Amino acid sequence: MIVARTGNEAMAEAMRQINPDVVAAYPITPATEVVQLFSKFVHDGQVDTQFVPAESEHSAISACVGASSTGARVMTSTASQGIALMHEILFIASGLRLPIVICLVNRALSSPINIHCDHSDSLASRDSGWIQIFTENTQEAYDTTIIAVKVAEAASLPAMVTTDGFIISHGMERVELVDDEAVPKFLGERKIQHSLLDVDNPKTFGALDLQDYFFEHKRSEIDAMDHVLPIIEKVQDEYGKLSGRHYPLVDEYRMDDAEVAILCMGSTGGTGKVAVERLREQGKKVGLVRCRVYRPFPKEAMVAALAKAKVVGVLDRSDTMSTLGGHLYNDARSILYDSDMRPHLKNYVYGLGGRDISIEDIESIYKELFAIQKTGKVDKDIVYFGVRGE
């Protein structure tokens, strides 16, 4: 069925079709609509979900941890300061190997107070042991929400599916929905080995774990993340057969003969693809690489994509506050260290607090990348693109 939906509406529709056992949430802009719309589905009897309106995001994710520990299928949604308030419990959820799914609407972290998009919120939790997938548009947000549930349960790890605040979350687009009956069949029932409710086989969850065993338990969690990428590929292939829409770990666009390229995440991928087509019409060999799956980082696929170009501009909608540039830039540099084919890299930190990046802006970045290709030198490796006065 083809419908018109915003990103928030599309995620709520996916949650309706998933029909989770428990949703615990606290509203925050611009993610409020996701659970607001879903709560209406609960009220109208369209789902069987136990909806828990918590008093804070910390309480919401804590309730999710408790519910997931019983074997329930659990989801929530948040943004910005909300995910920051959840930060403490994110590590508990991943350490307990609970497949909770968060529909995360990217919004800048304060201060100053800002309600618009950058990626500082999810990237502040990049090392919390959660799978992170960044989406380009409303269709992908809908599809990936469904995919993430199956991936999380197969991997026994929690997952975040992100959309760019207001750009995707409140932007209306054409969305093709899978049949309601097909989604539960695709997901199947959650299979559990342990449950707080299994009184015949009692287990302890969240026990004190000191130096005698902590390292071994953490190593087990790390090993689980090391094996997630094949699971994502398998589930995405299964979903592609169901929906006709196939998603890669790394989205390559016009990269086969590209001489220069940009690497980005989120909705900027769509804007960048328009810029690529414009420049291709002028005979420019440009391409684009979009990082969909950010955690775990798809090293092999990303190296293969980036090595095709001679110069790559890495676009980060966040900064590490480390003098080393953005998160994606540092990851790209790291994985290319041992590569025989290492393109010149330049980091463009852009769009903080929701500042727009246009097709023309991206075209100007490509122009700079061609200049680097010509000279063979990167004049300044980190720039803050679009800042007045620079």
Could you check which residue among LEU210, LEU90, LEU157 shows the biggest mean-square fluctuation in a GNM of the chain with a 10 Å Cα cutoff? LEU210
Rg/Rg_ref, the chain, where Rg_ref = 2.2 N^0.38 Å and atoms are Cα: 0.98
Points 7 angstrom from Cα along the Cβ direction at HIS227 and ALA124: gap in nanometres? 3.4 nm
Using a basic spin-label model with each label point 7 Å from the Cα along Cα→Cβ, how many nm lie between ASP198 and ASP379? 6.4 nm
Linear extension gain, GLU390 paired with VAL274, 0.36 nm per residue minus alpha-carbon span: 39.2 nm
Order by neighbour count: ILE192, ILE133, ILE18, fewest other Cβ atoms within 10 Å first, most last. ILE192, ILE18, ILE133
Taking placed amide H atoms and a strict 5 Å upper bound, the residues 5 or more places from ASN347 or on another chain that come that close are VAL314, ILE382, VAL383
Which entries in the list LYS185/LYS218; LYS273/LYS380; LYS218/LYS310; LYS191/LYS241; LYS284/LYS380; LYS150/LYS284 go over 31 Å, if you measure between the two C-alpha atoms of each? LYS185/LYS218; LYS218/LYS310; LYS150/LYS284
Roughly how big is the chain's charge dipole about its Cα centre, with Cβ charges of +1 (Lys, Arg) and -1 (Asp, Glu), in debye to the nearest 20? 900 debye
For the residue pair GLU238 and GLN50, what label-to-label distance in nm results when each label sits 7 Å from Cα along the Cα-to-beta-carbon direction? 2.6 nm
Restricting region 316-390 to chymotrypsin sites (Phe, Trp or Tyr not before Pro) in coil, as DSSP defines it, with at most 10 other Cβ within 10 Å: TYR337
How high is the relative contact order of the chain, in percent, with contacts defined as C-alpha pairs under 8 Å that are six or more residues apart? 16 percent
Proximal aspartates and glutamates relative to LYS285, as straight alpha-carbon distance under 20 Å, when same-chain residues fewer than 8 apart are discounted: ASP251, GLU252, ASP256, ASP257, GLU259, GLU277, GLU360, ASP361, GLU363, GLU368
For the chain, the charge dipole (Cβ of Lys, Arg +1; Cβ of Asp, Glu -1; about the Cα centre) points to a positive end, and the Cα of VAL383, ALA148, VAL228 closest to that extreme belongs to VAL383
Fully extended contour minus Cα-Cα distance, from HIS170 to LEU210, at 0.36 nm per residue: 9.8 nm
Going fewest to most other Cβ atoms within 10 Å around each Cβ, MET172, MET225 line up as MET172, MET225
Once every DSSP H run of n ≥ 4 in the chain is given -39500 (n - 2.57) and the sum is divided by its residues, what mean residue ellipticity at 222 nm do you get, rounded to the nearest 500 deg cm²/dmol? -12500 deg cm²/dmol
Extension length gain for GLU360 and ALA307 (0.36 nm per residue less Cα distance), in nm, is 16.5 nm
For a footprinting-style exposure proxy, rank THR6, THR144 by other Cβ within 10 Å, fewest first. THR6, THR144
Using the alpha-carbon centroid of each, what span in Å lies between region 135-157 and region 301-315? 25 Å
Which percentage, to the nearest 5, of the DSSP beta bridges contained in the chain is antiparallel? 20 percent
Estimated dipole of region 117-216 in Debye, rounded to 20 [Cβ of Lys and Arg +1, of Asp and Glu -1, Cα centre]: 160 debye
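We did not get these values from a lab; they are worked out from the coordinates using the rules stated. The structure presented is a predicted model; accordingly, all values stated were derived computationally and were not measured. Quick reminder, even Gly has a Cβ in these numbers, built from the backbone with ideal geometry, and neighbours come from all protein chains shown.
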